[in-house]
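What follows is a set of notes on a single structure, which appears directly below.
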Amino acid sequence: MTPRRVLVMGVSGSGKSTLGALLAERLGLPFADADAFHPEANIRKMSAGIPLTDADRWPWLDALGQWLAAQAGGGVIGCSALKRSYRDRLREHAPGLLVVHPHGEFALIAARQAARPGHFMPPALMESQFATLEPPTREEAALALDVTDPPEALAQRAAAWVDARAGRA
């Protein structure tokens, strides 16, 4: 059977980690949060309110893609992957990658982000996240989910979609 490799992507505060963990649990797959893969230099930059460059991101995306590829039965990662080129970089390691995109209005996401104590992504970077975001296209095997729905409902919809795409429904 084809491994189910899933990327839950979107701007900071969109619920990637929550949805990704719930989805992985429903699918019986391991979950990895991309934040845990950032090198210390990236965390220092983001904590200082400095957006990462593509050069900062490539090794991080490669590490994520390698982790995903190493999961024989599949896996779920929560990663911003805001640009198509970032998702393509992950696909180089994990062909057939399925993309789940929780999304919402700027005001809602910014309010959620501001309510997250202790996270290294300051709310001031939200505008740059939305400006950088390239929503997945039709060619990307993607499911868009409105974050105004409860996370459990989103996970249920995403799991059914992933299983249908993987021929397991």
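All of the numbers you see were taken from the coordinates with simple rules; none came from a lab. Remember, it's a predicted structure, so these values are computed and weren't measured experimentally. Methodologically, a virtual Cβ is constructed for each residue, glycine included, from the backbone with ideal geometry; neighbour enumeration extends over all protein chains shown.
Taking other Cβ atoms within 10 Å as a rough exposure proxy, SER80, SER14 sort from fewest to most as SER80, SER14.
Rounded to the nearest 500 deg cm²/dmol, what is the calculated helix-only ellipticity per residue at 222 nm for the chain, with -39500 (n - 2.57) per DSSP H run of length n ≥ 4?
Taking each H run of at least 4 residues, the total per residue is -14000 deg cm²/dmol.
If only the Cβ of Lys and Arg carry +1 and only the Cβ of Asp and Glu carry -1, the dipole of the range 32-117 around its Cα centre is close to 160 debye. Backbone geometry of the range 20-31 corresponds, through the Karplus equation with coefficients 6.51, -1.76 and 1.60 at θ = phi - 60°, to 3J(HN,Hα) couplings of x, 5, 5, 5, 4, 4, 4, 8, x, 10, x, 10 Hz, x marking Gly and Pro. Under 5 Å between amide hydrogens, built in the peptide plane, is the criterion, and for VAL100 it picks out LEU7, VAL8, MET9, LEU143 among residues at least 5 positions away or on other chains. State the answer as a single residue: which of ALA144, TYR86, GLY75 lies farthest towards the positive end of the charge dipole of the chain, with beta carbon charges of +1 for Lys and Arg and -1 for Asp and Glu, about the Cα centre. The residue sitting farthest along the positive end of the dipole is GLY75. Placing +1 on the Cβ of every Lys and Arg and -1 on the Cβ of every Asp and Glu, with no other charges, gives the chain a dipole of roughly 220 debye about its Cα centre. Note on GLU25 and ALA72: the extension gain reaches 15.3 nm, defined as 0.36 nm multiplied by sequence separation minus the Cα-Cα distance. The relative contact order of the chain comes to 36 percent, based on Cα pairs under 8 Å that sit 6 or more residues apart. Angle of helix 84-93 to the longest C-alpha principal axis of the chain, folded into 0 to 90 degrees and rounded to 10: 50°. Taking θ as phi - 60° and the Karplus parameters 6.51, -1.76 and 1.60, the scalar couplings of the range 48-55 work out to 7, x, 9, x, 6, 8, 4, 4 Hz in sequence order, x denoting glycine and proline. Over the range 4-165, all Cα pairs binned in 5 Å intervals from 0 give whole-percent P(r) values of 2, 10, 19, 24, 22, 15, 7, 1, 0, listed from short to long.
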